[in-house]
Amino acid sequence: MILLENVSYAIESRELISGASLRIGQGEFAALAGENGAGKSTLLKLIMGLIKPTRGDILIQGASTRDRKVSALARTVGYLFQNPDRQLFGATIRQELSFGLDFLGVSKSDAESRVEETLGWLKLDPDRAPLSLSRGERQRVALASLFVRRPSLLLLDEPTTGLDYRECMQMMNTVARLNREDGVTVLMITHDMEIALDFAPRMLTLSGGRIIADGSTRELMRDEAMLKRASLIPAQMVALARRLGLAPGEADDADSLAEWVASSVKGGAQRAGHT
Amino acid sequence: MPGILEYQSGDTFLHRAHPLVKLLLAAVICVGGFLTQSLWVNLALLALSIVGGFALGMGRKVKASLKGAGSLCLFLFVVQLPFVRMGRTLLPLPFGLRITDLGLRYCAQLGMRLLGATLPLVLMLGVTRLSDLTNTLVAQLGIPYRYAFVITTAIRFIPVLFVEMRDVIEAQTARGVELDGSFKQKIRLIPPLCVPLLVSCVQRMENNALAAELRGFYLRKRGSGYRRYPLSAADAPALAACALILIIAIIT
């Protein structure tokens, strides 16, 4: 799906991305983490073709982004910006979702059914003005306006920034559903390690324009030195499990940790009963 | 690298000059270009700005201004040229249009006046901090702070809006919008590009106005501000240059 081969990107001799290589398969959900200025957004823009690598190559579904226009890439790749207001302009949500489908050559009836289907899971009044919605709702409308184009890859640039807990969960559950049910590949920038742990099985970490770690989110959460290097702190559950001396993956979420605590307490009580 | 309308640090005599003297010099070059009837004086003023810009280490700004304003001047030259009917006809054109010697002269002078008015302002902003300009406008010219603030904020916002526009274009391109489509498609692009930019500008203005008000914007008086800007002997050559340019422009 996405293949980066030794990709570098520089502006005026300053290298923002250095020798990045990675492969993300169809249907994967990966988080991209790192400190501010590490090059996360630049990497996403490179994948979207908004900027072209100075060295190396990026292949999306086997085709290089160098030779393709962004508008052509947008047929298969959806890019959600951190600020939804840069993408929204329609007078109504329905108009927002319908925009550009004719550019893609989608027939009128197909366009209508796609819009209706998307409105179905968006659960917002289609006649409302997008700019009158809350930040979280605007973010979801922006996501819906991408999804209506049926992309096979979603690039999300900090989609939960500025959202409250409820909006954040609504947003992430929508993304997770698209990934799970429609097989959409997701690459998401986040600073929130709780979200990375809950939703992304794979995590990539960037520091100084280099990919310094790529692997299972649960395992990387335990790599204290790497997290420190990327100015990240582990998810609370992982930190607690580590403090309790548990092995990686043994109890990294609330349910399994609660089970472990309950069994430990029960075991302790039984031992106390024997003595 | 500072943008075309941003301050560029340096230690030239113009960087050290009094902000009002720099503003006066830029204004005199602009006005002089419109006062003179001589094409040669226009050319000389333009050359002065170009050479001065390079001497100040602002060659990049000069080139960018010449490229931007130059294309507008060229467009105006081409559009106006066939419609000037005065003078000797050099080349007759269809539909009763013609190119005349006076037409060439007027259109060339118009272009040079526009370029000559753009470059000094760009260079003045390159050697003057906007805060210094605001302070002197308020303290020494007595312009109410709110007006001085509006002028300098408008200038400061131009590069910000360019960045915002670039981001909006990126966002819409990522949605599959083609910027190089047919004329009809370009017309359809106006809402996707203009609405987000307008929304962002209004939001930014509202936030800035609120923030400024909360920080005592309306309490500022003419005597407020810690910095003082006294005229010095080093400003004399620039003032003399202003007088000279004005005299030459009036008598030619």
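The values are calculated or read from the model by the stated rules, or taken from the named source; none is laboratory data. Computed from a predicted model, the values in this text were never measured in an experiment. Backbone-built Cβ (ideal geometry, glycine too); neighbour counts: all protein chains shown.
Values for this structure:
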read-out	value
Residue match in the range B:100-112 (condition: of a type in the set (A, V, I, L, M, F, W, C) and more than 20 Å from B:GLN37 (Cα to Cα))	no
Among the candidates A:GLY90, A:GLY19, A:GLY56, A:GLY49, residue that is surrounded by 16 or more Cβ atoms within 10 Å (Cβ to Cβ) and either of a type in the set (Lys, Arg) or in contact with a strand residue (DSSP E or B) (Cβ under 7 Å, 6 or more places away or on another chain) (or both)	A:GLY56
Selection from the range A:65-107 of residues that are at the interface with chain B (Cβ under 10 Å from one of its Cβ atoms) and aliphatic (A, V, I, L, M)	A:VAL70, A:ALA72, A:LEU73, A:ALA74, A:VAL77, A:LEU80, A:LEU88, A:ALA91, A:LEU101, A:LEU104
Number of positions in the range A:151-163 that are more than 18 Å from A:LYS40 (Cβ to Cβ) and either touching a helix residue (DSSP H, G or I) at 6+ places or on another chain (Cβ under 7 Å) or buried (at least 20 other Cβ atoms within 10 Å of the Cβ) (or both)	2
Every pair of residues 6+ apart whose Cβ atoms lie under 9 Å, when the first sits in the range A:46-61 and is closer than 18 Å to A:GLU12 by Cα while the second is of a type in the set (S, T, N, Q) and not in a strand (DSSP E or B)	A:LEU46/A:THR65; A:LEU50/B:THR173; A:ILE51/A:THR42; A:LYS52/A:THR65; A:PRO53/A:THR65
Among the residues listed as A:ARG229, A:ARG210, A:ARG271, the single one being over 22 Å from A:PRO159 (Cα atoms) and surrounded by fewer than 12 Cβ atoms within 10 Å (Cβ to Cβ)	A:ARG271
Complete set of residues in the range A:232-260 that are surrounded by 13 or more Cβ atoms within 10 Å (Cβ to Cβ) and more than 20 Å from A:MET193 (Cα to Cα)	A:TRP260
The listed residue being modelled with pLDDT of 85 or more, in contact with a helix residue (DSSP H, G or I) (Cβ under 7 Å, 6 or more places away or on another chain) and surrounded by 13 or more Cβ atoms within 10 Å (Cβ to Cβ), out of B:LEU56, B:LEU43, B:LEU97	B:LEU43
Residues within the range A:36-64 that are under 21 Å from A:GLU158 (Cα atoms), away from chain B (no Cβ under 14 Å) and hydrophobic (A, V, I, L, M, F, W, C), tallied	2
Selection count where residues are over 21 Å from A:LEU80 (Cβ atoms) and assigned to a loop (DSSP other than H, G, I, E, B), scope the range A:9-34	2
Matching residues in the range A:35-63 - criterion: being of a type in the set (A, V, I, L, M, F, W, C) and not in a helix (DSSP H, G or I)	A:ALA38, A:LEU50, A:ILE51, A:ILE58, A:LEU59, A:ILE60, A:ALA63
